[in-house]
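In what follows, a single structure is set out as structure tokens and then discussed.
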Amino acid sequence: MRQGVRLAVDVGTVRIGVARCDPNGILASPLETVKRGKGDLDRLAELVAEHEAIEVVVGLPTSLSGREGPAAEAAREFAGRLAGRLAPEVVRLYDERLTTVTAESGLRAGGVHGQARRKVVDQAAAAVLLQAALDGERLTGRPPGEIVRGSS
């Protein structure tokens, strides 16, 4: 297992959930919600620098059958722009099936409802995504997902 903090981003049309893991890559936790739009890449770059992240995992939304639709295309485009902004840091796409559903049910079970849940669900989804990527890396011995080449 590689050492170093990793960040994960769950990219939505309005908000971007951000999570981070500990330097040993064991446990993911919610970090922040970034407003989507002007300045979002700048804020993510600030978070990468602030946490000295060795890579960023971007959620790739696919259908249960594994097919990619418009949301996956948008995530790939965003990941490409992020990779171009962060180079030489590594950006990876990782399958995020059911992360938001898992995050929603966990928050509901924890008694977080309504407006409070909407404020943190994106962060929680990013934490679920990152935890899945970390667990997958631990099981296979290989870095998670696919590397993204930067675009402008």
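Throughout, read-outs are computed from the coordinates displayed, never taken from laboratory work. Predicted model only: the values in this text are computed from it and were never measured. Using ideal geometry, Cβ is built from the backbone for each residue, glycine included, and neighbour counts are taken over all protein chains shown.
Could you tally the net charge around P70, taking each other residue with its Cβ under 12 Å from the Cβ of P70, Lys/Arg +1 and Asp/Glu -1? Before the final figure, lay out each step's value.
Details: positive: R67, R76; negative: E68, E73, E77.
Neighbour charge sum, excluding P70 itself: -1.
Extension gain T13-S63, at 0.36 nm per residue separation less the Cα-Cα distance, in nm?
Details: separation 50, 0.36 × 50 = 18.00 nm, distance 1.75 nm.
Stretched fully, the T13-S63 segment lengthens by 16.3 nm.
Measuring from label point to label point, each 7 Å out along Cα→Cβ, what is the R2 to V90 span in nm?
Rounded to a tenth, the inter-label distance reads 0.2 nm.
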